[in-house]
Amino acid sequence: MIHKTAIIDPKAKISTNVSIGAYTLIGPNVELEENSVIQSHVSIVGHTKIGKNNKIYSFASIGNDPQDLKFNGEKTTVEIGDHTTIREFVTINRGTSDRWVTKVGSHCLIMAYSHIAHDCIIGNHCILSNSVQVAGHVTLGDYAWIAGVSAVHQFVHIGQHSYIAGG
């Protein structure tokens, strides 16, 4: 189901059985694979590929320009795996010419108000609790969990199965 108020660029690639809510914006270079649910008021722009069976909640912003002064408009991307949940007001920015991509793996839970900056690589089965702020160029290994209201400084590598306490 695609709501009649959703704005979807005709060049966007929308697979079968994708639900798109009211007032959602889907840009021309976006690919949405099957069985995903995109709620109302979501913005998915840039060169963004979202895998299968994902759920994106209201007011998320995915694929916008990175917040980095060296960004010069180059074609960079966001890639999100399968079975990932992205909650309300999450922002995920595309990469810069450093890595060219920001990636979020499969089976992740990105809770409300979290931010994933440019050039981050988030592994599979990761959990970012509410209001986690991940600066640019960060790598999270598989099964890494970051508790609420935590900040991760840029260029940090967090290994697999790590846990960072809240705040």
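The values are calculated or read from the model by the stated rules, or taken from the named source; none is laboratory data. Remember, it's a predicted structure, so these values are computed and weren't measured experimentally. All Cβ positions, glycine included, derive from the backbone under ideal geometry; neighbour counts span all protein chains shown. Just the protein is used for accessible areas: all its heavy atoms, side chains included, with ligands, DNA and RNA removed. Shrake-Rupley method; radii C 1.70, N 1.55, O 1.52, S 1.80 Å.
Here are some notes:
- 11, 55, 4, 70, ranked by accessible area, largest first (probe 1.4 Å): 4, 11, 70, 55
- Tail beyond 30 Å, pair distance distribution of the chain (Cα, percent): 10
- Karplus (6.51, -1.76, 1.60) ³J(HN,Hα), θ = phi - 60°, over region 4-16, in Hz, Gly and Pro reported as x: 5, 8, 5, 10, 10, 4, x, 7, 5, 9, 10, 6, 6
- Applying 1/(1 + (r/R0)^6) with r as the Cβ-Cβ distance of residue 109 and residue 156 and R0 = 25 angstrom yields a FRET efficiency of 0.80.
- Amide H contacts of residue 107 (H built 1.01 Å from N, under 5 Å, at least 5 apart or other chain): 82, 83, 84, 125
- With K and R counted +1 and D and E -1, the other residues having a Cβ less than 14 Å from that of residue 30 yield a net charge of +1.
- For region 33-88, size of Cβ-based charge dipole, Lys and Arg +1, Asp and Glu -1, in debye: 60
- Under the Karplus curve 6.51 cos²θ - 1.76 cosθ + 1.60, θ = phi - 60°, whole-Hz ³J(HN,Hα) for region 151-167, x wherever Gly or Pro sits: 10, 10, 5, 4, 6, 8, 10, 10, x, 5, 6, 7, 9, 10, 5, x, x
- Using θ = phi - 60° and Karplus 6.51 cos²θ - 1.76 cosθ + 1.60, couplings along region 133-147 (whole Hz; Gly, Pro as x): 10, 10, 6, x, 6, 8, 10, 10, x, 4, 6, 6, 10, 10, 6
- If you plug the beta carbon distance of residue 165 and residue 55 into 1/(1 + (r/R0)^6) with R0 = 30 Å, you get a FRET efficiency near 0.65.
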